[in-house]
Amino acid sequence: HRPRQKPKDLIQMRKSACALPSFCSIAAIILICSQCNDGAVAFMLTANDGAARVSSVHVQRRRAPFSHLYMSAAAADEDDDDEDEDMQVELGDWRNFRNSLLQTGLTMTDEGDDSPSSVEDVSGAGSVTTMEKDAAPTRKSVSKKNESLLKVQNEKLAEEYMNGVWSHRVSQVETGGLVLRMPLEYELWHHKTSQLGQKLTKRLSLSGDCDNNYSEESLSTDSSGITSMAKTVYWYKGAQELIKTEMSEIMTNAGKDNGGRIDPANLSNNQLELLEQYLHCQETWQEVCLVFDRDDEAGSATTLVLNRPLATKANEDLARMLLFGQWTETNVSQTEKLVNFLNAFDNECPIYIGGPDCHGEPAILIHGIGDLEGAREISPGSAIYEGGLDAAIEGVMSGKYKPLEFRFFVGKHQYTENELDVRVDVGQYQPIACARPVALKQCIALPKPLWHEVMELCGGELENVSALELMKRDDLTQDID
């Protein structure tokens, strides 16, 4: 586990990892990167139903060779504390390192991906594989208008965005990352075990258009370029037609029997499933959510919707709700805080609806200021912070900070019993890892909606889906870079 390992030592490391008993419980993915003469070798250790599996990939040498041990769970060697001090890093370093791996020609596969590009057949979410030769590089700029607006709102964050913005899909929800609400077409296609997913798969396989009749295996391969777009269009249009046909049948039956009202008791299982998915998709349309908290053991998670602005200014009633909650009466000791808040955030106060739950609680304050007194980092290394309201008020009043460096969220999404993970598994939400400016930037009057911006930054299939969703809208002007 040291930098500059000899090749024979790397082979022994891999043999040792493979020798782990199948009952080992591995709580986190561990990536070990060690430099050798002709580049770097990374070992990915994952857990799948209690079985330990190992894969290895070769990374071509870059100008600055990798020379650190990156781990998402601490495993320090107590016997060599002094030697290991410089090698202990935080999860944020792992996120940046993982992104740098993707830039060198690696990509993350979804769970169960058996594409030929895999270095080794390893089941488990987030496996590292070699990227296909025709894969397009990650795009660094997708909207000049959005970037210009960010410069006006927050110069420091804009500089950070321009110098190193990145975003890519991951297979599991991560605190400090994002989850994106995907279109219903995407949900039907990726949830192949559902009744409607099976119906869509069968519908596509029986398509009479020979030019577009791809196999399920080829459709699942996320390559780039024209081929990738053609595949995405094929299953997307097929899902769109299925939704249209099923919804038309539902409405026709409702019109005949109940005067236009839909009676769930008269719907088939397929129709009831589709109707529930359709309504949920409408309620959560293109949400971009920050994963604020996650407890794997309890199966709970909390997310904040980033792209549902409520107000840009705060009056007295709104300020009181942000500070003390909806049902709390202001006492004398709170009056001074209310007055100071209005002095600081009266003219500019970015407020968002964070979700449907807990609207009566005080607002959650999110920002990127690490040395703000009273603030805490929501995930180690994420550089995204919550809290520190008193210091924020004082800082804005003194001119140290600007109001647009902060975001207030009323309400949130609360998930229990692994509900968020289930929604990810069925294709409703897509987990995303991103640079912090993507999560911290304001979503007020964006020329290009944040959902499309993140999807295009990810590239590949997600960028294709974004382009197809844009075709449904006539209220947005094309942002040509």
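The values are calculated or read from the model by the stated rules, or taken from the named source; none is laboratory data. Keep in mind that this is a model prediction, so the values were computed, not measured. A quick note on method: Cβ atoms are made from the backbone with ideal geometry, for glycine too, and the neighbour counts reach across all protein chains shown. Note: accessible area is taken over every heavy atom of the protein model, side chains too, but ligands, DNA and RNA are not part of it. Shrake-Rupley method; radii C 1.70, N 1.55, O 1.52, S 1.80 Å.
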Query - Label-point separation, ARG473 to GLN195 (7 Å along Cα→Cβ), nm - result: 3.3
Requested in this report: For ASP425 and THR227, calculate 0.36 nm times their separation in residues minus their Cα-Cα distance, and state this gained length in nm to one decimal.
Outcome: 68.7 nm
**Report entry** Where the Cα pairs of the stretch 358-481 fall when distances are cut into 5 Å bins, in %
**Finding:** 2, 8, 14, 16, 19, 16, 12, 8, 4, 0
Report task. Would you work out the charge dipole size for the stretch 235-353 about its Cα centre, treating the Cβ of every Lys and Arg as +1 and the Cβ of every Asp and Glu as -1, and quote it to the nearest 20 debye? Result -> 380
Query raised in the report: How big is the Rg/Rh ratio for the stretch 423-481, C-alpha atoms only, Rh by Kirkwood, two decimals?
Result: 0.97
Query raised in the report: Suppose every K and R has +1 on its Cβ and every D and E has -1 on its Cβ; what is the size of the dipole of the stretch 349-481 about the Cα centre, in Debye to the nearest 20?
Result: 340
Query raised in the report: What accessible surface, in Å², does a 1.4 Å probe find on PHE97, ignoring ligands, DNA and RNA and rounding to the nearest 10?
Result: 10
Query - Only Lys, Arg (+1) and Asp, Glu (-1) charged, at Cβ; the stretch 306-368 dipole about Cα centre in debye - result: 140
Query raised in the report: Hey, what's the Kirkwood Rh for the stretch 263-334 if you take every pair of different alpha carbons, in angstrom?
Result: 16.6
**Report entry** Packing rank of 455-461, 389-395, where each peptide gets the mean count of other beta carbons within 10 Å, highest leading
**Finding:** 455-461, 389-395
Report summary line: Of all chymotrypsin sites (Phe, Trp or Tyr not before Pro) in the stretch 247-309, the ones in DSSP coil with at most 12 other Cβ atoms within 10 Å are TRP285
Query raised in the report: Which of the pairs LYS313/LYS337; LYS156/LYS441; LYS151/LYS472; LYS151/LYS441; LYS202/LYS237; LYS145/LYS412 have their Cα atoms more than 21 Å apart in this structure?
Result: LYS151/LYS472; LYS145/LYS412
Query raised in the report: Stokes-Einstein D for the stretch 275-375 at 4 °C, 1.567 mPa s, Kirkwood Rh over Cα pairs, in µm²/s?
Result: 82
Query - Per-pair calculated FRET efficiency, R0 = 35 Å: ASN266 and SER141 via Cβ, rounded to 0.05 - result: 0.10
